[in-house]
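A short worksheet on the structure shown next.
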Amino acid sequence: MNVCLIRPSRCRDKEESVVINNTPALGLAFIAGALKQAGHTVSVIDAIGESPMAYHPIGDIHLDIKVQLPLNRLYVNGLSAIEIANKIPVDVQIIGISAMFSNNWLFDRYLIDFLGERFPQALIVAGGESITAMAELGLKQTKHLDVCVLGEGEETIVDLLAAIEKHGDFKDIDGIAYRDSESGKAVVTKRRTRVKNMDDMPLPAWEYFPMENYHKYEVRWGNTNQKSIPLLATRGCPYSCTFCSSPQMWGTRYYMRNPIHIINEMEYMMQTYGITSFDFYDLTAILKKEWIMTFTREIINRKLNVIWELPVGTRSEVIDSEVARNLYLSGCRQVTYAPETGSPSLLKLIRKKVKVPNMLKSMRSSHKEKIYINLNMIIGLPGETHADVWRTIWFLIQCSWAGVNDITQSRFHPYPGSVLFDKLVDEKRIDLSNDDFFLELVFLHSDGKGKYYTDLISEPWYKLYELLTNLTFLSSNYLFRPIRFGRMVRSILSNRYENRVERKLVEYFKQKKPQRTEVINPEAGI
């Protein structure tokens, strides 16, 4: 069948950071690889990768607005809807749309119906983490969305297309949601069994993607300014944190690839695309010491001249001095720890099975080996108290002393499919009958428009804490290691960077602001 896969443009605030932090669509590349292996004709439109510096105003997309938000600043980053439509083959039979993030649902939803009108002969399928968590809502809010692929999509999309070719019934396909042709109601089929052997899966089909643009504009997740590409070593996470949608998307079974297969893929990417840096997108990459030691030893033995990073987040228990040493020798230059909070009581409340002393010990081991360390922190978690925030502030000072280089602090926003999201919906603190929730996700970091979901700390206090936690970490970091301040100044002057803070400053002073393009056809809405 003739299949066109689409990675939609990103819905975002026109005035947010000049740093373009979009990344290549690894999930869609896996889907493209599976369809290619199954013998289908595949094309991919990566709307962000095709035009990573272009912004288009939202135009007249219908939004059910009941809150005051700066809608004149609501833009999409990438190709416009018309530009996307013009790139779709006229004889397309299946249009597959990646709906990964809920803060993009306003544009994803519009694009689905816009393309449904333009290509009435095509079946429109959506997949990804966001649509997995809210499939019934997605079907309800769109006119032309036919099928939602839930969870892992490689086997499901191949089975779906086989059923279409044989005129089979959707109800026999595990892992989908679809609109019943008679009643119009959503039908959700049985959950699909997880892929257990990732080594049997086809490689991501990057040949369909405009990777040269990602390299040209330095659009990546990691910190290096080398030619990079994303990789996946594992799938799933054995933990059930209440703020995370992973159990809904993947389940709690954790599967690891054979380290040798991963390194073979790295060598292939190096030879085929000239890649010298790899970003691992795993939810929880390092859980077993034996696995990571095998992986690092193989890289060392093959003498691969590569850099690799863990920019997403990982557990701390396995990274001791021996592991950290091998990480560095094998080319690992960044590890992101994900404690989320420094308060043991709050960690227990959100079911985050992390022991603060163990994590600090692991950080010291990584720092000793000169690995760049980033922290993922969340402020505003439901149930957080003033005491929890002050414990986190003290934890950040300890992290600075342990050698941590940087923090990525985010205000809590509920992920559809997570325990906390469902709880907030039940409490009527999230109303999905209008677009308020999705708009707040877009403007989460703009002008303080995002909500706080705890009654224990008032909004003025939270705004103060957000500033205080960042200032505490940065000031203690430069106080304990003044040389880092000198390196930051050197990076700005040399237009090179070694970490996220330096990257933001370098790109700011280089004035790499995205171009603003206008509506091509007002009738199209964008």
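Per-structure values
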| read-out | value |
| --- | --- |
| Some residue of region 208-223 being farther than 30 Å from residue 54 by Cβ and of a type in the set (D, E, K, R) | no |
| Cβ-Cβ under 6 Å pairs, at least 6 apart or on other chains, region 396-407 side modelled with pLDDT of 95 or more, far side crowded, with 21+ Cβ neighbours inside 10 Å and not in a helix (DSSP H, G or I) | 404/373; 404/375 |
| Test: residue in region 502-522 that is closer than 30 Å to residue 370 by Cα, at pLDDT below 80, touching a Phe, Trp or Tyr at 6+ places or on another chain (Cβ under 7 Å) and not in a loop (DSSP other than H, G, I, E, B) | yes |
| Matching entry among 263, 229 (being crowded, with 19+ Cβ neighbours inside 10 Å, farther than 30 Å from residue 419 by Cβ, in contact with a Pro (Cβ under 9 Å, 6 or more places away or on another chain) and in contact (Cβ under 8 Å) with a residue 40 or more places away in the chain) | 229 |
| Members of region 209-224 found to be more than 20 Å from the chain's Cα centre (by Cα) and either farther than 21 Å from residue 265 by Cα or at pLDDT 90 or above (or both), listed by number | 216 |
| Verdict on residue 325 being out of contact with any Pro (no Cβ under 7 Å at 6 or more places or on another chain), at pLDDT 90 or above and part of a strand (DSSP E or B) | no |
| Hey, residue 387 aliphatic (A, V, I, L, M), surrounded by fewer than 22 Cβ atoms within 10 Å (Cβ to Cβ) and modelled with pLDDT of 95 or more or not | yes |
| Test: residue in region 408-421 that is in a strand (DSSP E or B), in contact (Cβ under 8 Å) with a residue 60 or more places away in the chain and under 22 Å from the mean Cα position of the chain (by Cα) | yes |
| Region 189-198, residues that are more than 25 Å from the chain's Cα centre (by Cα) and under 20 Å from residue 130 (Cβ atoms) | 189 |
| Per-region count, region 328-374, residues outside any loop (DSSP other than H, G, I, E, B) and closer than 21 Å to residue 420 by Cβ | 9 |
| Helices (runs of 4 or more DSSP H) contained in region 434-498 and holding at least 2 residues modelled with pLDDT under 90 and surrounded by 16 or more Cβ atoms within 10 Å (Cβ to Cβ) | 436-442, 483-494 |
| Within region 41-78, considering residues that are closer than 24 Å to residue 23 by Cβ and assigned to a loop (DSSP other than H, G, I, E, B), the one modelled with the lowest pLDDT | 58 |
| Residues (at negative phi, surrounded by fewer than 18 Cβ atoms within 10 Å (Cβ to Cβ) and without any contact (Cβ under 8 Å) to a residue 40 or more places away in the chain) located in region 273-311 | 288, 289, 290, 293, 294, 297, 298, 300, 301, 302, 305 |
| Residues located in region 172-184, provided they are under 19 Å from residue 131 (Cβ atoms) and either surrounded by fewer than 10 Cβ atoms within 10 Å (Cβ to Cβ) or of a type in the set (D, E, K, R) (or both) | 174, 179, 180, 184 |
| In region 243-255, the residues that are surrounded by fewer than 19 Cβ atoms within 10 Å (Cβ to Cβ) and either at pLDDT 85 or above or in contact with a strand residue (DSSP E or B) (Cβ under 7 Å, 6 or more places away or on another chain) (or both) | 254, 255 |
| Any pair with Cβ under 7 angstrom, 6 or more apart, that starts in region 45-62 at a residue that is at positive phi and ends at one that is part of a loop (DSSP other than H, G, I, E, B) and at pLDDT below 85 | 59/519; 59/525; 59/526 |
| Scope region 350-389; condition out of contact with any helix residue (DSSP H, G or I) (no Cβ under 9 Å at 6 or more places or on another chain) and either outside the structural domain of residue 415 (by TED's automatic domain parsing) or free of Cβ contacts under 8 Å to residues at least 40 places away in the same chain (or both); matching residues | 357 |
| Single residue of region 92-134 satisfying the filter (modelled with pLDDT under 95 and touching a Cys at 6+ places or on another chain (Cβ under 6 Å)) that is surrounded by the fewest Cβ atoms within 10 Å (Cβ to Cβ) | 106 |
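So that you can scan it fast, the table gives a plain yes or no per residue for (1) more than 30 Å from residue 279 (Cα to Cα); (2) part of a strand (DSSP E or B):
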site	(1), (2)
152	no, no
158	no, no
161	yes, no
164	yes, no
178	yes, yes
183	yes, no
204	no, no
218	no, no
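The values are calculated or read from the model by the stated rules, or taken from the named source; none is laboratory data. As the structure is a computational prediction, the values presented were derived from the model and not from experiment. Here Cβ is always computed from backbone atoms with ideal geometry, including for glycine, and neighbour counts include all displayed protein chains.
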